[in-house]
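Trainee: For reference, the structure I am asking about is given below.
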Amino acid sequence: MTKITVNHLARVEGDGGITVELEGTTVKRVELQVFEGPRLIEALAVGKLPLEVASFTPRICAICSVSHKNAAVRGLERALAVKEDEKTNLTRELMHMGEMVESHALHLFALALPDFLGYPNVIAMVDKYAEVVTQALKLKKFGNKIMKLLNGKLIHGENATVGGYGKFPENSELLEVKAEAQAFLPFMLQAAGIVAGLEMPDYLESPTTFVCCKPEGDRFGFWGDEIIFSDGRVIKGLEYKEHLIERVEPHSFAKRLLYQDKPFTVGSLARLICIGDRLKGKAGELYRSLKTDRWNKNPFYNNLAQGIETIYSLERIPELVDKLIIMPNPAGLELPTRTEGRGVGLVEAPRGLLIHDYSVKDGYVSDANIITPTAMNLDDIERYIGLAAAKLSSQGKDAAEMSFEFEKIARAYDPCISCATHLVKVIVR
Amino acid sequence: MKKKPSLGVYGFTGCAGCQLAIIDCEDQLLDIFSALDVKVFYEAQSNNDDSAEVDVALVEGSINTDHQIEQLKAIREKAGLLIVYGSCAHHGCVQAMSLGDGKWAERYKMVYGDTKITVANPMEAQPLHKFVKVDGFIPGCPPSAEQMLKALAQVINGSLPTYTNSPVCLECKFRENQCLLYQGKMCLGPLTMGGCTAPCPTHNTPCIGCWGLIEEANHTSELKLLKEKGFKTQDIINRFRVFGGSDLSEKIAELLEVK
C-alpha cells in the first residue's frame, strides 16, 4: 500500500491537506482534509435580529466576505420582503466586482500560475515575468480598493446592510474606479492570452455536472434567484434542498453535497459552462474563441475561466459606474414589510455558488442554513484526484510527482478553507 | 548589526482575515519580511519550520478542539513572546458569543445532527488567554493594515504592540460625524476599543463592537441609554454579546437586572 500525504496544502486560503491511498494502481482512499474547528455560525444566528446576522455571518470568511455579505443581505431581504432598490443593487454589484477582481487576481497569478510555469511561488516568477507579477498585484490592490470604498472597510465592512447602504460613494470616487478598470483591461487581455497558451494536463479528464446561479434576463452576472445546472435543469433558489443533497460523514465532520447522487462542480468554470454564452464584449469574444469540449471534463480550465471573468468584471465596472452616477441616492434604507418569512440569497462567490438561507419569525432569525462553494466542490475535487492517482500511478509516476499534481488539482478549484470550515472538521492522523 | 528577530505566524479557527491583513500591507510586505526572520507563515510562504523556536509568535484564531489546545501549548513553549492578534484570538469573536450559556451541545446538534463523529473533540470556541499566558495583543476584526504595520514595527524594534484604550466613540467625534445614538441607532461606539478610526459610524452604520471592549467599558450606562431609546433589554444584550460574549459571560445576569 502506498500512502501519499500532502500535510499542509500551500498556496490555498486556509489550512488543509490531502491523503491518497493506493494499492498498486488501484485507488483505495482519497481525502481532502481541513484542519480547523466548527464555529456553528448558523446555530448562533438563531434568535438574533436580521441586521446582526448580516454583520456576523460574513465573518465566516475574510477572502469571500463581500460574497457572504451580499448573500446574507439578499437572503434576509427576501425573508423580510424588503423592496429592491436599483441603485443599491448596482452598488452591490460593483462591490462584488471588487471581490471578483481581487480574488481572481490573487488566485490566478499568485497561487495557480506558478504551477503551470514551473515556479515554487509567485515571487520566483519575478525575474522572467516581472511585468505580469507587478500588474497582477496592482490589480489585486484595485479590487481591494473597490471593496473598501463601497463597504467601508477592506475586510468585513458594515456599509452594505439589509435594505441598502449606510452611505453611497461620491461620483468622483466612482469615476476614478471606472478609469482604473479601463486602464487594467489591456494588461488583463494580454495575461489571459498567456494563460490560454498553457497546455492543460489531460490525465484526469472526466465529465461532471456544473452548477451556478442563473441571473435574471439574458445577462451574465453573479447572482439570481434561480440555480442552473449544466444538464439544462433550472430550479428556484428556495428549492435547493431538494436537489443539492447535504450529508454528514462520520469520518471527517465534513458536510458534503451531491446532485443526483453524484459530485458536481461550482466556480468560474461552472459559470462559463452554464451561462458563458451570455458574455458580451472582449470577454465574450475570448470565451467563444477559446471554449472547447475539454472544458466540460477538465477542472484545470477553471484558471482560464477566472481570467475571462476578470475581463468581464473590468468591462462591467465602467457600465455600472455610468449607470450609478446618474441615479439619485435613495432617501434611506428600505425597511422590512413583514416579520415572518423565508428567503434564500444566492450569490456567486469567486469560487462558486454560495447559499444563505434564512427563516425569520416575529422579527428574529429562527433558522439559518449556509452552504459554501468549497463544501460543494469537495466531493468532485476528491473524485478528480482519484482519477489522477489511477492514471498517474499506471504511468509509473512516483509519490512526489503525484502529490505535486494532486495539490495542483485542489488548487485549481481555488478552495477557500475558512468558508468550508464553518462546516468541515479536523482529521487527526 | 543587531540580529533580526525571528517570527512565527500561526492561525487557529477564524476567517483568516488577520493573516490577510498582513498580506494586504502590499506596499510594505517586502520590507517587513526583510526586517524579520519569518520561520512560519503558511498563508504566505511554503518553506515553514514548525519546530523552530521564535522570538515572537503572532497567533490568530480561537481554540475549539482539544488538538488545538496542544498545538497552542507547543507554540507557547517555542515562543519568547506570544502575541495574539485579531478578535478571535483576543476575545473569541463571534463564535464565542454565547460562551457559557450551556447550550453549545444543542447548537452543535443543530448543525451536525446525530451522526457520531469520532476523529476529534470539538468544543465551544474560546480565546487564547484561557489556555496559555499571553504577552500582548493587537485588536481588530481584522486589524487594519495600518494597525498591523504599527504593531510589526514595534515587534521589529523589540517592544510589545500598543493599543488604543479609548473608545470608537472618541474617534467618531474626531471625524465630526453626527451621533448615531442620538438618531436612535443601536451603536456600540462608547464600549468598543478604538484604533479603527470609526469607519462604520462614518458610513452611517452603527458600531457593532468588533474590536472588543475597552477596559472599563460601562455596559450598565450604555444599556440604560439604549433602553431609553426604546430597545428591548434582550436585544441590547444580544448585541453586546456578538463580539463581546466571552468577556461578558459572567456579567450577563447582572446586566439583565438593570432597570
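Trainee: Filter the range B:163-213 for residues that are within 11 Å of chain A (Cβ to nearest Cβ) and outside any loop (DSSP other than H, G, I, E, B) and give the result.
Mentor: Selection gives B:Pro199, B:Cys200, B:Pro201, B:Thr202.
Trainee: For the range A:391-402, which positions are surrounded by 17 or more Cβ atoms within 10 Å (Cβ to Cβ) and in contact (Cβ under 8 Å) with a residue 40 or more places away in the chain? Spell out the reasoning first.
Mentor: Taking the range A:391-402 and keeping what is surrounded by 17 or more Cβ atoms within 10 Å (Cβ to Cβ), we get A:391-393, A:397, A:402.
Passing the criteria: A:Lys391, A:Leu392, A:Ser393, A:Met402.
Trainee: Here is a follow-up. Out of the range B:45-69, which residues are of a type in the set (A, V, I, L, M) and more than 9 Å from chain A (Cβ to nearest Cβ)? So that I can check it myself, show each step before the final result.
Mentor: Looking only at the range B:45-69, we keep the residues that are of a type in the set (A, V, I, L, M), and these are B:52, B:54, B:56-59, B:63, B:69.
Of everything in the range B:45-69, those that are of a type in the set (A, V, I, L, M) and more than 9 Å from chain A (Cβ to nearest Cβ) turn out to be B:Ala52, B:Val54, B:Val56, B:Ala57, B:Leu58, B:Val59, B:Ile69.
Trainee: Please list, ordered by first then second residue, the pairs with beta carbon atoms under 6 Å, 6 or more apart or interchain, first in the range B:169-183 and touching a residue at least 40 places away in the same chain (Cβ under 8 Å), second in a helix (DSSP H, G or I).
Mentor: If the second residue must be in a helix (DSSP H, G or I), no pairs are left.
Trainee: How many of the residues making up the range B:219-251 are within 14 Å of chain A (Cβ to nearest Cβ) and in a helix (DSSP H, G or I)?
Mentor: 15
Trainee: Could you identify the single residue in B:Ala79, B:Ala96 that is of a type in the set (A, V, I, L, M) and over 16 Å from A:Arg39 (Cβ atoms)?
Mentor: Values: B:Ala96 fails: over 16 Å from A:Arg39 (Cβ atoms).
The unique qualifying residue is B:Ala79.
Trainee: Quick check on this structure: which one of A:Leu174, A:Leu204 is more than 30 Å from A:Lys128 (Cβ to Cβ), in contact (Cβ under 8 Å) with a residue 40 or more places away in the chain and buried (at least 20 other Cβ atoms within 10 Å of the Cβ)?
Mentor: After ruling out the rest, the residue left standing is A:Leu174.
Trainee: Among the numbered criteria (1) within 24 Å of A:Leu189 (Cβ to Cβ); (2) surrounded by 20 or more Cβ atoms within 10 Å (Cβ to Cβ), which one does A:Val132 miss?
Mentor: Condition not satisfied by A:Val132: (2).
Trainee: From the set of residues in the range A:393-417 that are touching a helix residue (DSSP H, G or I) at 6+ places or on another chain (Cβ under 7 Å) and within 13 Å of another protein chain (Cβ to nearest Cβ), which is modelled with the lowest pLDDT?
Mentor: Out of the qualifying residues, it is A:Ile417.
Trainee: Moving to a separate point now. Looking at B:Glu216, B:Glu257, which one is more than 14 Å from chain A (Cβ to nearest Cβ), under 21 Å from A:Gly47 (Cα atoms) and not basic (Lys, Arg)?
Mentor: None of the other options fit; the residue is B:Glu257.
Trainee: May I ask you to list the residues in the range B:26-37 that are of a type in the set (A, V, I, L, M, F, W, C), at pLDDT 80 or above and surrounded by fewer than 19 Cβ atoms within 10 Å (Cβ to Cβ)?
Mentor: Pass one, the range B:26-37, residues of a type in the set (A, V, I, L, M, F, W, C): B:29-30, B:32-33, B:35-36.
Keeping just the survivors that are at pLDDT 80 or above gives B:32, B:35-36.
Hits for the range B:26-37 are B:Ile32, B:Ala35.
Trainee: Output the helices (runs of 4 or more DSSP H) that fall wholly within the range A:83-197 and possess 2 or more residues being within 29 Å of A:Pro328 (Cβ to Cβ), or say none. Explain how you work it out, then say what you get.
Mentor: Numbers: elements: A:86-105, A:113-117, A:126-151, A:171-196.
Of the helices (runs of 4 or more DSSP H) lying wholly inside the range A:83-197, those with at least 2 residues that are within 29 Å of A:Pro328 (Cβ to Cβ) span A:86-105, A:126-151, A:171-196.
Trainee: I would also like to ask the following. Looking only at the range A:111-121, which residues are within 14 Å of another protein chain (Cβ to nearest Cβ), more than 21 Å from the chain's Cα centre (by Cα) and not aromatic (Phe, Trp, Tyr)? Give the derivation first.
Mentor: Going through the range A:111-121, the residues within 14 Å of another protein chain (Cβ to nearest Cβ) turn out to be A:111, A:114-115, A:119-121.
Next, only the ones that are more than 21 Å from the chain's Cα centre (by Cα) stay: A:119-121.
Residues satisfying the conditions are A:Pro120, A:Asn121.
Trainee: Same structure, new question: Please give the strands (runs of 3 or more DSSP E) falling wholly within the range B:10-88 in which 2 or more residues are within 19 Å of the chain's Cα centre (by Cα). So that I can check it myself, show each step before the final result.
Mentor: On the way: elements: B:37-41, B:54-60, B:63-65, B:79-85.
Filter on the range B:10-88 gives B:54-60, B:63-65, B:79-85.
Trainee: I'm trying to understand the selection: among the residues of the range B:229-246, which are of a type in the set (Lys, Arg) and touching a Gly at 6+ places or on another chain (Cβ under 7 Å)? Break it down into steps so the answer makes sense when it comes.
Mentor: Taking the range B:229-246 and keeping what is of a type in the set (Lys, Arg), we get B:229, B:232, B:239, B:241.
Residue satisfying the conditions is B:Lys229 alone.
Trainee: Among the listed residues B:Glu257, B:Glu228, B:Glu176, B:Glu171, which satisfies the condition of being at pLDDT below 90, among the acidic types (Asp, Glu) and out of contact with any His (no Cβ under 9 Å at 6 or more places or on another chain)? Give the derivation first.
Mentor: Numbers: B:Glu228 fails: at pLDDT below 90; B:Glu176 fails: at pLDDT below 90; B:Glu171 fails: at pLDDT below 90.
None of the others qualify; the one that does is B:Glu257.
Trainee: Is it the case that A:Glu285 is without any contact (Cβ under 8 Å) to a residue 12 or more places away in the chain and either of a type in the set (D, E, K, R) or closer than 28 Å to A:Leu387 by Cα (or both)? Show your work before the answer.
Mentor: Values: without any contact (Cβ under 8 Å) to a residue 12 or more places away in the chain: yes; either of a type in the set (D, E, K, R) or closer than 28 Å to A:Leu387 by Cα (or both): yes.
Answer is yes for this residue.
Trainee: Quick check on this structure: which one of B:Ala74, B:Ala79 is touching a residue at least 60 places away in the same chain (Cβ under 8 Å) and more than 12 Å from chain A (Cβ to nearest Cβ)? I'd like the intermediate steps shown before the answer.
Mentor: Values: B:Ala74 fails: touching a residue at least 60 places away in the same chain (Cβ under 8 Å).
Every option except B:Ala79 fails the conditions.
Trainee: Can you confirm whether B:Pro167 is buried (at least 23 other Cβ atoms within 10 Å of the Cβ) and not acidic (Asp, Glu)? Even if it seems obvious, please write down each step before you answer.
Mentor: Values: buried (at least 23 other Cβ atoms within 10 Å of the Cβ): yes; not acidic (Asp, Glu): yes.
Taking the combined requirement at face value, the residue satisfies it.
Trainee: Considering the range A:42-79 alone, what residues qualify as being within 14 Å of another protein chain (Cβ to nearest Cβ), among the aliphatic types (A, V, I, L, M) and surrounded by 24 or more Cβ atoms within 10 Å (Cβ to Cβ)? First the steps, then the outcome.
Mentor: Residues of the range A:42-79 within 14 Å of another protein chain (Cβ to nearest Cβ): A:42-69, A:72-73.
When the remaining residues are screened for being among the aliphatic types (A, V, I, L, M), the result is A:43-46, A:49, A:51, A:53-54, A:60, A:62-63, A:66, A:72-73.
The answer is A:Leu44, A:Ala45, A:Val53, A:Ala54, A:Ile60, A:Ala62, A:Ile63, A:Val66, A:Ala72, A:Val73.
Trainee: Sticking with this one: Just wondering, is there one or more residues in the range B:46-53 that are hydrophobic (A, V, I, L, M, F, W, C), more than 18 Å from B:Val134 (Cβ to Cβ) and surrounded by fewer than 23 Cβ atoms within 10 Å (Cβ to Cβ)?
Mentor: At the first step, the residues of the range B:46-53 found to be hydrophobic (A, V, I, L, M, F, W, C) are B:52.
Now restrict to residues that are more than 18 Å from B:Val134 (Cβ to Cβ): B:52.
Applying the additional criterion that residues be surrounded by fewer than 23 Cβ atoms within 10 Å (Cβ to Cβ) yields B:52.
Yes, the range B:46-53 has at least one match.
Trainee: Another question about this same structure. Being aliphatic (A, V, I, L, M), surrounded by fewer than 19 Cβ atoms within 10 Å (Cβ to Cβ) and either in contact (Cβ under 8 Å) with a residue 40 or more places away in the chain or within 30 Å of A:Val133 (Cα to Cα) (or both): is that true of A:Leu269 here?
Mentor: Numbers: aliphatic (A, V, I, L, M): yes; surrounded by fewer than 19 Cβ atoms within 10 Å (Cβ to Cβ): no; either in contact (Cβ under 8 Å) with a residue 40 or more places away in the chain or within 30 Å of A:Val133 (Cα to Cα) (or both): yes.
Against the criterion (aliphatic (A, V, I, L, M), surrounded by fewer than 19 Cβ atoms within 10 Å (Cβ to Cβ) and either in contact (Cβ under 8 Å) with a residue 40 or more places away in the chain or within 30 Å of A:Val133 (Cα to Cα) (or both)), A:Leu269 does not qualify.
The values are calculated or read from the model by the stated rules, or taken from the named source; none is laboratory data. Nothing here was measured: the structure is a model prediction, and the numbers come from that model. Positions of Cβ are backbone-derived with ideal geometry, glycine not excepted, and every protein chain shown enters the neighbour counts.
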